[in-house]
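Read through the structure below, which is laid out as structure tokens, and then see the notes.
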């Protein structure tokens, strides 16, 4: 009887332009309700792409990969202040996370974000194609920190974010070098995430022997390169395809507001399930 009355109430509310929704602890359903509100247009408004829609699609794709491959270790390369790792926890992931953040200021915020999470570990190395040291370019907004210099286009699009850039010397390692230490010499079910502002190709070059052991991956890909030496997103797909990781999803990450030109995408990869 109660369910019948609820269905009737929903039909009546929709007839008057309203929706009745139920509360949920699921973060994806919460984000979906937020997106529903974003898509409600007032008289005279026009439809505009909102990045929250992409975030919702990306979170859904990520949770599916975590579940499908029973991931128990996430390598969070280019962690900044822990946004990706915190997102994993909100999705219900309880396994190990190793976050790499070479920038000292961002790493301090990352350490604070970790609080008392016993399965979340932080490392100061940058990952790349060789072992050694490198210069990290750290601008006003350290989300844009990169081992590559920003292109003129990037400064035009993000002048305030890329202002006052300074350099930090940081340790550089390859994933292949660190792999035995990171996995403890055990067989782990690994998801690789790399958001290194134009350095993804180098990260993959330094992971030639470890890539076959990775079950899933999430990489940022440049459609319109913002950094010198930035790899085209299609080249990243080819590199991971050669390692047996198939493209699972392409999610819009950022666009130029004035004309919605696509700048970057998040690329999701999966290995054939066993």
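Along its principal axes, region 68-120 has C-alpha extents of 35, 20, 15 angstrom, given from the largest down. Pull out a ≥ b ≥ c, the square roots of the eigenvalues of the alpha-carbon gyration tensor of region 154-274, then state rounded if a/c is under 1.5, prolate if not and a/b is larger than b/c, and oblate in the remaining case. Taking the square roots of the gyration eigenvalues as a ≥ b ≥ c, region 154-274 is oblate. Looking at region 53-270, the DSSP beta bridges with both ends there are about 55 percent antiparallel.
Annotation: extensible slack from residue 247 through residue 181 equals 21.0 nm (criterion: 0.36 nm per residue apart, minus Cα-Cα distance). If you look at the Cα atoms of region 141-207, you get an Rg and a Dmax of 15.5, 47 Å. Taking the three principal axes of the alpha carbon atoms in region 78-186, the coordinate ranges are 45, 32, 20 Å, sorted in descending order. Rounded if a/c is under 1.5, else prolate if a/b beats b/c, else oblate: with a ≥ b ≥ c from the C-alpha gyration tensor eigenvalues square-rooted, which is region 226-274? Oblate, since a/c reaches 1.5 and b/c is not below a/b.
Computed across region 53-270, the Kirkwood hydrodynamic radius from all distinct Cα-Cα pairs reaches 17.4 Å.
Coordinate-derived values only; no laboratory data. This one's a predicted model, so the numbers in the text were calculated from it and none came from an experiment.
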